[in-house]
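The values are calculated or read from the model by the stated rules, or taken from the named source; none is laboratory data. Remember, it's a predicted structure, so these values are computed and weren't measured experimentally. Cβ placement follows ideal geometry from the backbone for every residue including glycine, while neighbour counts extend to all protein chains displayed.
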């Protein structure tokens, strides 16, 4: 026997039915997506090739290939495979540390860099990337310290001069920054990053001078935006924050090879 | 002020355009004939360390479909680190073949043969490419290079199934059915396939199935294909001799079979060739 529904119920029942269907569909989609994401993480046997016996370096190569494709999860998995073979393989720790940095897992990144430096106190890539990590945390002094160690180990490393120059710029020491950046270019005129860094540093110096002018003449302060040199240039006439150190982060050169 | 700013912005825009272009130029520079590719990873370390790194990099790029990058990784080994490292040629030849860049694939496979004259896998895979690209007025001329490669592999290892299978397929293409049948029966006689078949047909027998490879089992499929070709020849003879007064059922069967040889049973498109994977051990098929 069919029960006659009131007008409100006639709408409410299909609505409830479709709501339930929707909830189930979303749950299924979520489960499927979670499962497929879980399946995407590769394990060491998945990475083996019949053409090459797996070594720590082999897995680092695998990791770097995934890293360049922005698949940091599998890059970390591959670096970990390298460390399964040789737990004391510092280059794998440095690379995994950088992948953690990119993922925003600063604690793990720092642990990997520190362990790499315990194993090899002369490992330039570890100092460089730890310096980059310190920069992202706003620890300019520690960053400058690490880049300076790289320079002490290899006084002709243009990347270290570029990065220290950026760190100086981030803390507002533009003259020191320009000195380092110009030296980086002297060492390697083909190295692109210091050209951009230098442009940004000179621009920041210009903004600093404009600010002094405006301060003395009683006007407000200039501010600089983040990102590219062009934004900094625009900010000479517009708004941005020169003291926001993140504006300098894109000019750093991490070790990835 | 505005003019100055515009000039500055234009210069910066030009800089931003130039920087990626310069980076791209660095990437492709390595492919120029006179320049070595730029392969900085583990520079200064021993060759085995660098080879292992670039083999890993190449493998991962290849598996994720980044074939250009994978080719570059293998090229780093071949052109910068160790020109005699065979696995790098194998990896690169596989990519060239997949990209249908057959000339380069043949070049790499030939180098493998130059470095290792006993490489049956290289002869076999080069034979497959020669079968696909062979030219000539007659079928015999078209498949001459392929036959030479398959027979070279068989001369090195008389029990090497991929080359035996592929040589037999060329016999099928040339309608040399008896020779093809002899080879496929030889493959079966030298394998455990028959024994496995007997056991599978007798479920009450608890004897463990012997190991056999999928490549060996393909011989049965190929024998079926040849007999279908022979059946089609017989049907065609019947239809020719009856000149339009043929039994409709046979006409229909012949038409269906003819269609099969255009699609599923086509042998001259390379789909039944067995490609060597250069692995030390073939995948085993068991009854489990």
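Here residue A:237 meets the list (1) within 16 Å of residue A:251 (Cβ to Cβ); (2) within 12 Å of chain B (Cβ to nearest Cβ); (3) modelled with pLDDT under 90 almost entirely, failing just condition (1). If a residue must be surrounded by 11 or more Cβ atoms within 10 Å (Cβ to Cβ) and either in contact (Cβ under 8 Å) with a residue 60 or more places away in the chain or not in a helix (DSSP H, G or I) (or both), how many such residues does the range B:229-276 contain? Residues meeting the conditions: 12. Within the range B:22-61, the residues that satisfy the criterion of being more than 8 Å from chain A (Cβ to nearest Cβ), at pLDDT below 95 and part of a helix (DSSP H, G or I) are B:24, B:25, B:26, B:27, B:28, B:29. Of the helices (runs of 4 or more DSSP H) lying entirely inside the range B:65-149, the ones with 3 or more residues being touching a residue at least 12 places away in the same chain (Cβ under 8 Å) and more than 23 Å from residue B:173 (Cβ to Cβ) are found at B:67-75, B:86-98, B:102-115. For the range A:62-74, a residue qualifies if it is more than 19 Å from residue B:68 (Cα to Cα) and more than 9 Å from every other protein chain (Cβ to nearest Cβ), and the qualifying residues are A:72, A:73.
From the list A:116, A:56, A:109, the one residue that fits, being within 14 Å of chain B (Cβ to nearest Cβ) and modelled with pLDDT of 95 or more, is A:56.
I'm trying to understand the selection: among the residues of the range A:85-97, which are in contact (Cβ under 8 Å) with a residue 12 or more places away in the chain and away from every other protein chain (no Cβ under 14 Å)?
Of the range A:85-97, the ones in contact (Cβ under 8 Å) with a residue 12 or more places away in the chain are A:85-86, A:88-97.
Hits for the range A:85-97 are A:88, A:93, A:96, A:97.
If you check B:135, B:79, B:107, B:140, which single one turns out to be over 12 Å from the mean Cα position of the chain (by Cα) and within 28 Å of residue B:220 (Cβ to Cβ)? From the options B:135, B:79, B:107, B:140, the qualifying one is B:140.
Consider residue B:149 against the criteria (1) modelled with pLDDT under 95; (2) in contact with a helix residue (DSSP H, G or I) (Cβ under 7 Å, 6 or more places away or on another chain): it satisfies all of them except one. Which criterion is unmet? Status for residue B:149: all satisfied but (1).
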